[in-house]
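The values are calculated or read from the model by the stated rules, or taken from the named source; none is laboratory data. Since the structure is predicted, the reported quantities are computational estimates derived from the model, not experimental observations. Every residue, glycine as well, gets a Cβ built from its backbone with ideal geometry; the counts of neighbours run over all protein chains shown.
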Amino acid sequence: METWFFENQTGNFGIKIRVESILFHEHSDYQEIAVYDTLEFGKVLVLDKAVMFSDKNEFVYHEMLGLVPLFSHKKPERILIIGGGDGGVVRECFKNPFVKHIDLVEIDKKVIDVSKKFFPEIACKLDDERVRILAEDGIEFIKRVDSGGREEEKYDVILIDSTDPVGPAEGLFRRDFYEAAAGALKADGIFAAQTESPFFNKNLIKDIGKIIREIYEKSSLYLASIPVYPSGLWSFTAGSKKYDTKVINESYNNFNFTGLESDLKYYSREIHRTSFILPNFIKEILK
Ligand code: AG3
């Protein structure tokens, strides 16, 4: 008998993936966690019935959320990742030559354990000595750094690697969180978040775009194609008081991206630039 995993993505539309075997299935304190081995995409991590990534295409999301913001910053040394317990964004951040320290704040420790066990190529840098893992609520963490006001605790780049805006991640899509994140950034820091599908989440993209524009002088939306996510087209929203995330910073003029090439499957100088070119219907959403 064939086994299929269904993700109901909009209530009226979804995807199904044929499952070869169920490797893991458990409820943590926060969510339902499953790992399937699939015929089309390799191993797939599913949280609360939503696909987070598959072995075969996780590189798109992780490279784009990690590398676009980092390579727009002159010297990103201190990074904060909220969510992202699988370690994919951590792995990407270390491809930037300046990164010295990463704080990873993941509310669900179980996600970290499951990723280390079933996705060692993704979680590969979680035990690096430059990484500090905090299993706590990202909203509270960010509010603490914001109100603590100690400059040395603040970050050059903050990346929000969340699940969809339902369940544990809901608060990561709210104005008070974005404002606190701005306060946890250094004055010239860069903020970036995954902001869902331009086909199915128009209001969310519009609202976040507006908030980010109000907080930061410079804001932008960029895109990547991710086959297992709703609609296959995904958006990321970035903001900074100083940097234009659309351009690779001059400090990388002599950086050998081709040297990194074997490690980069999606991101490149060209992709950095072109991922900000938006089709008219998305420009319309952001108006
Ligand atoms: N975070 C974004 C996943 C959103 C997918 N949504 C869905 N399938 N309905 C991925 C985390 C990877 N580090």
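What is the number of the single condition among (1) of a type in the set (A, V, I, L, M, F, W, C); (2) in contact with a strand residue (DSSP E or B) (Cβ under 8 Å, 6 or more places away or on another chain); (3) within 14 Å of the ligand (Cβ to nearest atom) that L221 does not meet?
All conditions are met except number (3).
Please pick out the residue among N96, N8 that is modelled with pLDDT of 95 or more, not aromatic (F, W, Y) and not assigned by TED's automatic domain parsing to the domain that holds E140.
Every option except N8 fails the conditions.
Step by step: first the residues of segment 50-78, then only those that are within 15 Å of the ligand (Cβ to nearest atom) and of a type in the set (S, T, N, Q), then the one that is farthest from D263 (Cα to Cα). Which residue is that?
Top of the filtered list is S54.
Would you confirm whether or not segment 29-37 contains a residue that is outside any strand (DSSP E or B), not hydroxyl-bearing (S, T, Y) and not assigned by TED's automatic domain parsing to the domain that holds A135?
yes
Can you name the residue in segment 9-39 that is away from the ligand (no atom under 15 Å from the Cβ) and among the acidic types (D, E) and, of all such residues, is surrounded by the fewest Cβ atoms within 10 Å (Cβ to Cβ)?
Among them, the one singled out is D29.
Consider L204 carefully, then state whether it is closer than 20 Å to R273 by Cα and among the hydrophobic types (A, V, I, L, M, F, W, C).
Judged against the criteria, L204 is not a match.
So which residues in segment 237-270 are touching a strand residue (DSSP E or B) at 6+ places or on another chain (Cβ under 8 Å) and more than 17 Å from N57 (Cα to Cα), if there are any at all?
Scanning segment 237-270 gives T237, A238, G239, S240, K241, K242, Y243, D244, T245, K246.
Exactly one of these conditions fails for K74: (1) assigned by TED's automatic domain parsing to the domain that holds K265; (2) part of a strand (DSSP E or B); (3) over 23 Å from T195 (Cβ atoms). Give me its number.
In the conditions (1) assigned by TED's automatic domain parsing to the domain that holds K265; (2) part of a strand (DSSP E or B); (3) over 23 Å from T195 (Cβ atoms), K74 misses (2) alone.
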